[in-house]
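For reference, the structure discussed in these notes is given below.
The values are calculated or read from the model by the stated rules, or taken from the named source; none is laboratory data. Everything quoted here is computed from the prediction, not taken from an experiment. Cβ sites come from the backbone with ideal geometry, for glycine too, and all protein chains shown count toward neighbours.
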Amino acid sequence: MTRNFNFSAGPAMLPTAVIERAREEMLDWNGSGMSVMEMSHRGKEFVSIAEKAEADLREILTIPQNYKVLFLQGGASSQFAMIPLNLLKDKKKADYINTGMWSKKAIAEAKRFCEVSLAGDTSENNFTTVPDQRSLVLDPDAAYVHYTPNETIGGVEFDYVPETGDIPLVADMSSDILSRPIDVSKFGLIYAGAQKNIGPSGLTIVIIREDLIGNPADGIPTMFNYATHADAGSMYNTPPTYNWYVAGLVFEWIKDQGGLSAMAEINRRKAEKLYTAIDNSGFYANPVAENARSWMNIPFTLADPGMDAEFLSGATQRGLLTLKGHRSVGGMRASIYNAMPEEGVDTLISYMQEFEQKNG
Ligand code: PMP
């Protein structure tokens, strides 16, 4: 069996130990004689799996008691609409910080429901920086402030959590959740599609402060109302049970690694190595300002884009997969989430150096 190093931005690598455990338990979970896929979501077996996953996530992220954790479907993209539908209440405006493709999508959807003002916007420098706290223009009438702590495509990550006073801070943590410790109490709402650092695609996690639940827009569809899911323990309808289970295995794996401070140490080391290799080469380049460089998604270009195809095919031959950059930016992108072993980054760096020596 070969496990290649897969640099996909998502769905992304899962820890091998997690997939092995899922395989072991595939046909018969814990003596139940059933696969998790076959269980009623209301049966005692699945309820125990679901409760354990939530408890472990709460432990890893130190989620305060006054926050609900929701296990939903619809991807992070559904949250782009659910957030204004649930959080605007009697307000008509929301603040958004625009740092790249994913913030832009969130903004476009929010504009269907409210007036959006840009509290920060780095489009002028082609999304290669993050706005600093002092430059943020916060509207006191905004219902919330939305930002994208890690832009998966641009590889731009905030190195601080914006201070927004009494206005709830909303974060799309799809591509950086669980990569380092965070202070959940600074946020009103955190959301993330699962397919990067949590588990298989099809599960979306929302962590929401309780006081933000229960005053949605008139006529909101039942399934779009956070209260529906909060009141029913995310079991108003059939949740994505198998994904929830695998996410639970990933949470256990993170605990086994030593939790988020241990993950952060490894993630920092992996990212620093790769940025150093890029910066020290005369051949590869990353355009992002040093303080805004992502630990999770590292785009880079070759001195000669005409060599991209050759670079990629040589990489694939060495088991270094899915390095092609996003179609909107070209070049390469290495996504190195929690499950990417340090050895994968080392192998990539060796290959990059070898390729430069031959072609640079
Ligand atoms: N936000 C960010 C930061 C993302 O990286 C992605 C997916 N790549 C999304 C939102 C959209 O997520 P989904 O596909 O789960 O809707």
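On the given criteria, is V116 away from the ligand (no atom under 16 Å from the Cβ) and touching a strand residue (DSSP E or B) at 6+ places or on another chain (Cβ under 9 Å)? The answer is yes for V116. The lone criterion from (1) within 24 Å of A12 (Cα to Cα); (2) more than 13 Å from the ligand (Cβ to nearest atom); (3) of a type in the set (K, R) left unmet by K105 is number (2).
Scanning region 40-68 for residues that are polar (S, T, N, Q) and free of Cβ contacts under 8 Å to residues at least 24 places away in the same chain returns S40, S48, Q65.
Considering region 154-201 alone, what residues qualify as being among the small types (G, A, S) and buried (at least 19 other Cβ atoms within 10 Å of the Cβ)? First the steps, then the outcome.
Of all residues in region 154-201, those among the small types (G, A, S) come to 154-155, 165, 171, 174-175, 179, 185, 188, 192-194, 199, 201.
Selection gives G154, G155, A171, S174, S175, S179, G188, A192, G193, A194, G199.
Quick check on region 23-32. Is at least one of its residues of a type in the set (D, E, K, R), out of contact with any helix residue (DSSP H, G or I) (no Cβ under 8 Å at 6 or more places or on another chain) and over 24 Å from N197 (Cα atoms)? Give the derivation first.
To start, the set of residues in region 23-32 that are of a type in the set (D, E, K, R) comprises 23-25, 28.
Now restrict to residues that are out of contact with any helix residue (DSSP H, G or I) (no Cβ under 8 Å at 6 or more places or on another chain): 23-24, 28.
This time we only want the ones that are over 24 Å from N197 (Cα atoms), so: 28.
So far as region 23-32 goes, yes, one or more of its residues are of a type in the set (D, E, K, R), out of contact with any helix residue (DSSP H, G or I) (no Cβ under 8 Å at 6 or more places or on another chain) and over 24 Å from N197 (Cα atoms).
Can you confirm whether M13 is surrounded by 13 or more Cβ atoms within 10 Å (Cβ to Cβ), touching an Asp or Glu at 6+ places or on another chain (Cβ under 6 Å) and at pLDDT 95 or above? Answer is no for this residue.
Out of all the residues in region 187-208, is one or more more than 16 Å from the ligand (Cβ to nearest atom), part of a loop (DSSP other than H, G, I, E, B) and either at pLDDT 95 or above or not basic (K, R) (or both)? For region 187-208, residues more than 16 Å from the ligand (Cβ to nearest atom), part of a loop (DSSP other than H, G, I, E, B) and either at pLDDT 95 or above or not basic (K, R) (or both): present.
Within region 180-196, residues that are in contact (Cβ under 8 Å) with a residue 24 or more places away in the chain and assigned by TED's automatic domain parsing to the domain that holds W244 have Cβ atoms under 7 Å from residues that are in a helix (DSSP H, G or I) and within 14 Å of the ligand (Cβ to nearest atom) in these pairs: L189/I83; Y191/A76; Y191/Q79; A192/A76; G193/G75; G193/A76; A194/N243; A194/A247, counting only partners at least 6 apart in sequence or on another chain. Scan region 285-301 and tell me whether some residue there is buried (at least 18 other Cβ atoms within 10 Å of the Cβ), basic (K, R) and either modelled with pLDDT of 95 or more or farther than 20 Å from F355 by Cβ (or both). Checked against the condition, which is being buried (at least 18 other Cβ atoms within 10 Å of the Cβ), basic (K, R) and either modelled with pLDDT of 95 or more or farther than 20 Å from F355 by Cβ (or both), region 285-301 yields at least one hit.
Looking only at region 135-153, count every residue that is within 16 Å of the ligand (Cβ to nearest atom) and either surrounded by fewer than 22 Cβ atoms within 10 Å (Cβ to Cβ) or under 20 Å from V116 (Cβ atoms) (or both) and tell me the total.
If we filter region 135-153 for residues that are within 16 Å of the ligand (Cβ to nearest atom), which is where we start, we get 146-153.
Add one more test, that the residue is either surrounded by fewer than 22 Cβ atoms within 10 Å (Cβ to Cβ) or under 20 Å from V116 (Cβ atoms) (or both), and what stays is 146-149, 151, 153.
Matching residues across region 135-153 total 6.
Here P240 fits the description: under 26 Å from R21 (Cβ atoms) and surrounded by fewer than 24 Cβ atoms within 10 Å (Cβ to Cβ).
Can you say whether D121 is touching a residue at least 24 places away in the same chain (Cβ under 8 Å), over 19 Å from the mean Cα position of the chain (by Cα) and farther than 30 Å from M332 by Cα, as far as the supplied structure shows? For D121, the condition - touching a residue at least 24 places away in the same chain (Cβ under 8 Å), over 19 Å from the mean Cα position of the chain (by Cα) and farther than 30 Å from M332 by Cα - is not met. Only residues that are of a type in the set (S, T, Y) and assigned to a helix (DSSP H, G or I) were counted in region 274-291, giving 2. Of all the criteria given as (1) in contact (Cβ under 8 Å) with a residue 12 or more places away in the chain; (2) touching an Asp or Glu at 6+ places or on another chain (Cβ under 9 Å), the one not satisfied by F7 is (2).
For region 230-251, give me each residue that is in contact with a Lys or Arg (Cβ under 8 Å, 6 or more places away or on another chain) and in a helix (DSSP H, G or I).
Step one: list which residues in region 230-251 are in contact with a Lys or Arg (Cβ under 8 Å, 6 or more places away or on another chain), which gives 230, 235, 248-249.
Of everything in region 230-251, those that are in contact with a Lys or Arg (Cβ under 8 Å, 6 or more places away or on another chain) and in a helix (DSSP H, G or I) turn out to be A230, G248, L249.
Which residues, taken from region 209-229, are outside any loop (DSSP other than H, G, I, E, B), over 25 Å from T164 (Cα atoms) and not aliphatic (A, V, I, L, M)?
From region 209-229, those outside any loop (DSSP other than H, G, I, E, B) are 209-212, 222-224, 226-229; that's our starting set.
From what's left, over 25 Å from T164 (Cα atoms): 222-224, 228-229.
Selection gives T222, F224, T228, H229.
For G282, are the conditions met, namely being modelled with pLDDT under 95 and over 19 Å from N4 (Cβ atoms)? Here the answer is yes, as G282 does meet what is asked.
This table checks each residue for (1) in the same structural domain as M26 (by TED's automatic domain parsing); (2) within 20 Å of the chain's Cα centre (by Cα); (3) not acidic (D, E).
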{"position": "P221", "(1), (2), (3)": "yes, no, yes"}
{"position": "V250", "(1), (2), (3)": "yes, yes, yes"}
{"position": "I266", "(1), (2), (3)": "no, yes, yes"}
{"position": "I278", "(1), (2), (3)": "no, no, yes"}
{"position": "F283", "(1), (2), (3)": "no, no, yes"}
{"position": "W295", "(1), (2), (3)": "no, yes, yes"}
{"position": "A309", "(1), (2), (3)": "no, no, yes"}
